[in-house]
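None of the figures in this text is laboratory data; all of them are computed from the coordinates on show. The structure displayed is predicted, hence computed values, not measured ones. Cβ placement follows ideal geometry from the backbone for every residue including glycine, while neighbour counts extend to all protein chains displayed.
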Amino acid sequence: MRPKDDWTPYRDRVAFELADFLFQREQMSVGNIDILLRLWAASLAQHDDSPPFLNHQDLYDKIDATPIGGVPWQSTTLSYDGPLPDQPPPWMQSEYTIWFRDPRLLFKGMLENPDFAKSFDYRPYRQFDTRGSRRYEHFMSADWAWSQAVCFFSLFL
């Protein structure tokens, strides 16, 4: 476990919170991020200091390098492969890169987190109302959670 003052890969807490603010909360455009960081750099130049990030790319590189439970990002490229009309729209002829992390490994990391352990019921369940109709309320009441547990435990039978 890392010490509380270790903000790796960020240089300090301010850099971490700035990244969170610009990327997640504000969802600021790359152009505006660059303007903000240039202004910040200009204000700090007289003190021989620099802002937490050089530009938007430096910010994004730090975000991408942030360790999150050790589950790596993966990508795949998708494109439409169905029949094409005479004049297909551009999306039918384009390729799209999809970035994702393995949801099973992310979920496993959540279950291994001691801070999370006491606030989460990790057993899949099926819930029904008084008429016998299926009721979906939480993630663990869904079919996917149920089938994963049945699939996993069937390996041991």
Be a star and scan the range 90-107 for residues whose amide nitrogen sits under 13 Å from the point 7 Å along the Cα-to-Cβ vector of Thr77. 94-98
Looks like the range 1-67, by Cα gyration tensor root eigenvalues a ≥ b ≥ c and the a/c under 1.5 rounded cutoff (else prolate when a/b is bigger than b/c, oblate otherwise), is oblate
Tensor-based shape of the chain (alpha-carbon gyration tensor, a/c under 1.5 rounded, otherwise prolate or oblate): oblate
DSSP-loop chymotrypsin sites (Phe, Trp or Tyr not before Pro) across the range 53-91, with at most 13 other Cβ within 10 angstrom: Trp73
Top positive-direction residue, dipole computed over the range 1-67 with Cβ charges, set Pro51, Leu37, Thr8: Thr8
Can you give me the relative contact order of the chain as a percent, contacts being Cα pairs under 8 Å and 6 or more apart? 12 percent
For the residue pair Arg11 and Arg25, what label-to-label distance in nm results when each label sits 7 Å from Cα along the Cα-to-beta-carbon direction? 2.1 nm
Give the range of the longest stretch in the chain that excludes all GluC sites (Glu not before Pro) found in loop regions by DSSP and having at most 13 other beta-carbon atoms within 10 Å. 27-136
